[in-house]
Amino acid sequence: MEVALPTGSVVVSTALHQAVDPWAVMALAHGAGAGMDHPFLLGLGEGCARQGVSVVRFAFPYAQAGRKMPGPASHAIAAWAAVEAVARQTAPGVPFVAAGKSYGGRMASMAAAEGAITPAALVYLGYPLHPPGAPEKLRAAHLPQIAVPQLFVEGTNDPFIQPREQYDQALSGCRDATTVWIDGATHSFEIKGRRRPADQIGGELSDHVVPWLRRRL
C-alpha cells in the first residue's frame, strides 16, 4: 500500500488473513523491534481469521526501509491512515478495528486520538505504558481522548506497565477501557515454565481478543 509522508510517498508491504464471511476487519501493526511477519502476528492473524475477523498485517515505513529504530510518530500515523482505507476495501460494510503489538498499538492509539483513523475499537497487545524501569516517561496522556472501546491485553509480568498502580491510574481516565490479564506473561506474552512457539502464543491471544470484539461491536 502507498503511504503519504511529508518527504514523499512510500510503498509498504501488507498481508491478508482472509476470514470466510467476515463480521469485522482488523489492521494489525507490528512492534518496534519486530516486523510484520513475526510469528506472533502470524498466529494472531490466523486465529482471528478462523473466528470471522479478517486481518490485514502491514509494515511501518521505517521497517520497510530496513531500519531498526522507528521513525517519527507522524510517519506511523500516516501508515495507520493508509491501512484503514485498505482494510475497509478488503471487507466493506463491517466494523474496522485497529490493533497492534506494543509500539504498533501505541501508534494506533495516537492515530485514533488525533482523528487520523476512525476504528470501531482498538486492541493493544502489550501496551508500552512507559519504557522498562522509567515509569516517569508515561505514554498515556492521549488515551482519554479516545471515545471507542479499548482492549488492553497485558501480561502480569510485563515491565512496561509496572508499577501496576500507575497502570490502573492511567486507564482510570479512559472512557471505555477493558484489560485482559495474562497471568505470569511477559511483554512478549511468554510464561516462565511454559514453552510455546510465538505463533501459538499469538493464536491463543486471539481467543481473548475475538470474544471481546463480538461483545463490543
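The values are calculated or read from the model by the stated rules, or taken from the named source; none is laboratory data. Worth saying up front: this structure is predicted, and the values here are computed from it rather than measured. For neighbour counting, all protein chains shown are included, and Cβ atoms are generated from backbone atoms with ideal geometry for every residue, glycine included. Protein only, heavy atoms only, side chains kept; ligands, DNA and RNA dropped before computing areas. Shrake-Rupley method; radii C 1.70, N 1.55, O 1.52, S 1.80 Å.
Among the residues of segment 36-49, which ones are assigned to a helix (DSSP H, G or I) and touching a residue at least 40 places away in the same chain (Cβ under 8 Å)?
Within segment 36-49, Pro39, Phe40, Leu41, Leu42, Gly43, Leu44, Gly45, Glu46, Gly47, Cys48 qualify.
Pairs, please: C-beta under 8 Å, at least 6 apart or cross-chain, first residue open to solvent by 80 Å² or more (accessible area, probe 1.4 Å) and in segment 1-19, second charged (D, E, K, R) and assigned to a strand (DSSP E or B)?
These pairs meet every condition: Val11/Glu2; Leu16/Arg57.
Would you be able to say whether some residue in segment 18-35 is in a helix (DSSP H, G or I), out of contact with any helix residue (DSSP H, G or I) (no Cβ under 8 Å at 6 or more places or on another chain) and over 25 Å from Pro197 (Cβ atoms)? Full working, then the answer.
Let us first name the residues in segment 18-35 that are in a helix (DSSP H, G or I), namely none.
Checked segment 18-35: no residue is in a helix (DSSP H, G or I), out of contact with any helix residue (DSSP H, G or I) (no Cβ under 8 Å at 6 or more places or on another chain) and over 25 Å from Pro197 (Cβ atoms).
How do the pairs read when you match residues in segment 152-176 that are on the phi < 0 side of the Ramachandran plot with residues anywhere that are among the polar types (S, T, N, Q) and assigned to a loop (DSSP other than H, G, I, E, B), using Cβ under 9 Å and keeping only pairs 6 or more apart or on different chains?
Here the result reads Gly155/Thr186; Gly155/Ser188; Asn157/Thr186; Asp158/Thr186; Asp158/Ser188; Pro159/Thr186; Phe160/Ser102; Arg164/Thr156, each pair linking segment 152-176 to a residue that is among the polar types (S, T, N, Q) and assigned to a loop (DSSP other than H, G, I, E, B).
Which condition does Gln64 not pass, out of (1) open to solvent by 10 Å² or more (accessible area, probe 1.4 Å); (2) in contact (Cβ under 8 Å) with a residue 60 or more places away in the chain, if it passes all the others?
(2)
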